[in-house]
Structure formats: C-alpha cells, structure tokens
1. Please give the per residue volume of the convex hull enclosing the alpha carbon atoms of the range 182-256, rounded to a whole number of Å³.
2. Over all directions, the average projected area of the alpha-carbon convex hull for the range 358-407 comes to how many nm²?
3. Ordered by packing density, taken as the mean number of other Cβ atoms within 10 Å over each peptide's residues, highest first, how do 314-320, 182-188, 280-286 rank?
4. Given the Cα-Cα distance of E292 and L91 and 0.36 nm per residue of separation, how much length would full extension add, in nm?
5. Take D53 and D175, extend 7 Å from each Cα along the Cα→Cβ direction, and tell me the distance between the two endpoints in nm.
6. Go ahead and run the numbers for FRET between N334 and F252, Cβ-Cβ distance against an R0 of 25 Å, rounding to 0.05.
7. Could you tell me the calculated FRET efficiency between H211 and E301, based on Cβ-Cβ distance and R0 = 25 angstrom, to the nearest 0.05?
8. Using helices alone, I'd like the mean residue ellipticity at 222 nm for the chain: each DSSP H run of four-plus residues gives -39500 (n - 2.57), total over residue count, nearest 500.
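Every read-out reported here was derived from the displayed coordinates using simple, explicitly stated rules and does not represent laboratory data. Because the structure is a prediction, the values reported are computed rather than measured. With ideal geometry, Cβ positions are generated from the backbone for all residues, glycine too; neighbour counts draw on all protein chains shown.
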Amino acid sequence: MATTRAITRREWLIAAGALPLAAGIAGAGEALPAAPPAAPRRLPDKASFARMDVTWLDSGSRHPISLGAKAALDRYLAGRMQVPGATDHRLDSGRVIERFAKLINAEPSEIAFVPSTTAGEHLVVQALGLPEKRAHVVTDTLHFFGSFPLYGDLERAGVEVTWLRHDDEGRIPLDAIERAVRRGTRLVSLSLVSTVNGFEHDLAAVCEIAHAHGARVYADIIHAAGCIPLDVKASGVDFAACSSYKWLMADFGLGFLYARADRLAELRRVRHGYYGIGRFSTHVYPFDEPGEAIADYAYREDARGMFATGTYAHTVLALLDHSLGYLLDVGVDNINAHARTLTDRLKAELPRLGYRLATPPESRAPMVACWMENARRLAPRLEQANVAISVGRNRFRASVSVFNDMEDVERLLAALA
C-alpha cells in the first residue's frame, strides 16, 4: 500500500497552528493557539486535514486525524509537558460524553468509556450473565469477524448460538431473524453496519422482534456513529459500542458503550473500579471518621457506574473533544449525503469494470466492497496509482469521508480498470 510523503516538522507545526507551541517549548513562552473555528458546512472539506500525497480511500480502517484535532492534542501535551503558557490543556470528559450522546441521541448518563468496541461487547455479554448453559444467542456472519471467537467460545461453554448467514446479495434477511429469535433468546448481537460489506440492519425492526420475545439487542456501531444518521432512542436498541479511530476521527484506545437506562437494573456487575464510584469514604487513615468497614462506597446509578473501571486514554480524549464537535457542526446528515454521491458512483461503475459488488445498493454506509478471489493481487496497481483502500484475501473495500471528492473516486476507478 502506498505511503504518504514524510513532511517536515515545520510544515506540521504551521499546518496544525502549533508553531507557537514549538516556540514555547524552546522557552519563548508564547501563548498556545486558540481552538480552531467552527468547521465549514460545505463538503468536501480538505482544508481541515493535512495535505495527503496518497489518495486516501480507507477511512473505514482508520480515519486521518484533522488539523484541529492535532492542535487540541498539542495543547494537551504542552500542558502535560509543563510548557510555559500552556494553560488551555484541561480535558473535559463530561463534554466528550455529552457530545457523543448528542451524536447518537442518547442521554449522557447512558454512556461509559471503554477501550474498544470489542471491550464494550464483552462487557455487555458478561453483564447479561453469559455464558450460561442452554441460553440462546442469535448473531450473524456480517457481524464483526473479530467477534466470531467470542460466540464460538460461548457455544463451547454451553450457550446455543444461532448463526444467520448472509444471502447472495450481501444481506441478513429480516425474516431470518424472525425465525431465529424465540422464547428464551437472551441476546441478538449484530453490527448495525457491517465492516464486511456495509450492509445495514433495520435496527428498529430487529429490536421489535427481539423485545417481543424478551431478548436484548447489542449493536456494534463503529461503522455507523459519525457517518450515518443514528438515533438509539428511536431504534430501541439496548446496548451499543464503538471505538473512535474510524468515523469519529480520533485514534485507537478509547471508545464508547451505550446502555439504555432502563436496562441497567437487569445487569450483573462484572467490573469494579474507582471510576464507577459515586460515593466513597475511607475509615483507615489518620483523621478519617471511624467506621466498621475499611471504606464506605456506592456506585453511580448510570452506565459509568455499571461499566467504568480505571483510567482511559487522555490523548484520545483530547482528539475526541475536537472531532465530535466537528461532526456535530458539519452534521451527520450532510456527511452522509456527501458520501453517498461518491459511493453511488462506485456502485454503478465497479460492476461495469467486471467486479462483483458485495455492498447492497441501498446501503447508506460510506463504503463499497467487492468480492474478488485473491484480491491482494490488486495491491501493486493500487500502489502504482498511489491509492489507498482496504484489500483483504478475497475482498476489497473503498471508504470515503468528508475530504474526498469525485476526483478521488475516478482515480480509484482508473487504477482498477
């Protein structure tokens, strides 16, 4: 895969508005750059990102970090380094939670930080009391393939797992879910938008089916939050999780877990940590009030009280503080509409070039995938064309974002012709 040109340190500093930071480190003590202005609403938006010498059509694997997010990170790091003048560095985790909650139409109290999407899914499974012999779980082959071992191991532990297979058009039919979910089903676990091909479940319909049988629904929303309109309240989904290095435009190591407020009472506590505590007082240190216990404590009565444990990645928090503000300002509706003008072109042209589409034509996801035996043989021509997409063993996937335009799409099509 082609790589970007190594730009100079000065170019980065100028581009990110961080040259005063460099001077402060050298001892000049100049003020740090202010937060960047509100993002423009016209797309494509190339100005908010560093110049890329590669045509980047792989944001579904990892999204480039914006200049504004880098500037926010620089301010945080300057504070951690005790740089003179570095006063604008305090992180606001509550604001980040609020912004993400607004992005998916949740209450802030329903959101907790997790290290990754997978970590959030495991927490939900464990909190529901799984594995439990003879419990029933429904999942599908368009769910994140990294979760396959989780449900495979649940099967070995005595859980009955129904695997729904995708059809020839790359969909999980709703009637297959209706047939699979039954009395005694504990969990329906799926990816709202599949990382494999961009198929999108009708989440509200899935939840209606599951809830009618007393089952709960978990959704992996890593390919939904930030790139397609998402309303967890309207869908009725019980739990959802995502990381932040894709469409939330941040980095690895921090994500979000959503848990419906009225489902928390059904869960068993599987994590015990200081960050989930709402009230705490010790009785063992000098000047403590006396007490029979070593400490008195009570957990918060929200998602953080159920799932939060210890510290989380503060550098990613700094990035998210900017990137979530950017997404809310530009608007996910605008982002999705822009993406679909580009993916529609790919869906129309790739079959004409002889490629077999894996992505259903109605998909709102900002990505298009094709099945292709030994797809890795495309790598040399993509590298020669200086185009970056995701290429797997028997599949390739292009994904577009706010900075991409039709010229990028045409460059990819020319490379694949």
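1. On the way: hull volume 6.8 nm³, N = 75.
Each residue corresponds to 91 Å³ of Cα convex hull volume.
2. Details: hull surface 15.7 nm².
Result: a mean projected hull area of 3.9 nm².
3. Ranked by mean Cβ neighbours within 10 Å, highest first: 314-320, 182-188, 280-286.
4. 68.6 nm
5. Going by the 7 Å Cα→Cβ label model, 5.6 nm.
6. 0.40
7. Plugging the Cβ-Cβ distance into 1/(1 + (r/R0)^6) gives 0.60.
8. Details: 14 runs with 143 residues, N = 417.
Helix contribution divided over all residues of the chain: -10000 deg cm²/dmol.
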